[in-house]
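First up is the structure itself, then whatever we jot down about it.
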Amino acid sequence: MWAVKLQQMKDGRLYIAGIGAGIENTPAGMQSQVLLAADRIAMINPANGNTKPMFVGQGDQIFMNDVFLKRLTAPTITSGGNPPAFSLTPGGRLTAKNADISGNVNANSGTLNNVTINKNCRVLGKLSANQIEGDLVKTVGKPFPRDSRAPERWPSGTLPSGFMTISRLIGKLLFPRWRFAVLNMSGRITIFIRHAA
């Protein structure tokens, strides 16, 4: 093996910088190797007076400014910051503080907070809701005047009626109690509930 080594002793500590190159006959066959020994290793492209290292190895870490990889295998991926804004664990747990995802998202379970659905949403299973804002029943008024032959105490005005379409209803429907009387006439109130198969 060919080697060049520099060393200096200071405050009882030995500092070494060296490079070695060689070819060895190992049990696995012939093997060539180049070894570097230093507290800090850097590589600089001196073109155009450049002094910025393309990579630096210091401690047990390697720092690179721009990296192009065809294939990456990493047990854990973590972004910078404290705490990190992005992380991917070996178990497949992905954490992203601010994710903008386009395309299809397939999930078997999960929790969403403060979500807005801009377009249509189709629920094929059971839907449970603690609170619902908005109208499930559209109520319109139908005139119900008092007959001219009826006493003044008889009601006259508008009778509310509604229309509701519910598929696979589980629960209760509550309707207001309507009371009215018609002189020399018979009437009825019919409530239609259409149940989709």
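Among the residues of region 25-65, those that are modelled with pLDDT of 90 or more and under 31 Å from the mean Cα position of the chain (by Cα) comprise PHE63, MET64. Just one of the listed residues (GLY49, GLY18) is farther than 24 Å from GLY80 by Cβ and surrounded by fewer than 11 Cβ atoms within 10 Å (Cβ to Cβ), namely GLY49.
Filtering region 44-65 to residues that are within 28 Å of ARG93 (Cβ to Cβ) and charged (D, E, K, R) leaves only ASP60.
So if I check each of ASN108, ASN82, which one is at pLDDT below 90 and assigned to a loop (DSSP other than H, G, I, E, B)?
On the way: ASN108 fails: at pLDDT below 90.
Answer to the selection: ASN82.
On inspection, LEU35 passes the criterion of being within 21 Å of VAL4 (Cβ to Cβ) and either of a type in the set (A, V, I, L, M) or out of contact with any Phe, Trp or Tyr (no Cβ under 6 Å at 6 or more places or on another chain) (or both).
The set of residues in region 51-68 being closer than 27 Å to ASP39 by Cβ and not in a strand (DSSP E or B) consists of THR51, LYS52, GLY59, ASP60, ASN65, ASP66, VAL67. Just one of the listed residues (GLY92, GLY103) is in a loop (DSSP other than H, G, I, E, B) and either touching a residue at least 40 places away in the same chain (Cβ under 8 Å) or closer than 30 Å to PHE63 by Cα (or both), namely GLY92.
When each of GLN31, GLN58 is tested for being over 30 Å from LEU112 (Cβ atoms) and either touching a Pro at 6+ places or on another chain (Cβ under 8 Å) or surrounded by fewer than 12 Cβ atoms within 10 Å (Cβ to Cβ) (or both), the lone residue that passes is GLN31.
The values are calculated or read from the model by the stated rules, or taken from the named source; none is laboratory data. Given the structure is predicted, the values throughout are model-derived calculations rather than measurements. As a convention, Cβ positions derive from the backbone with ideal geometry for all residues, glycine included, and neighbour counts pool all protein chains shown.
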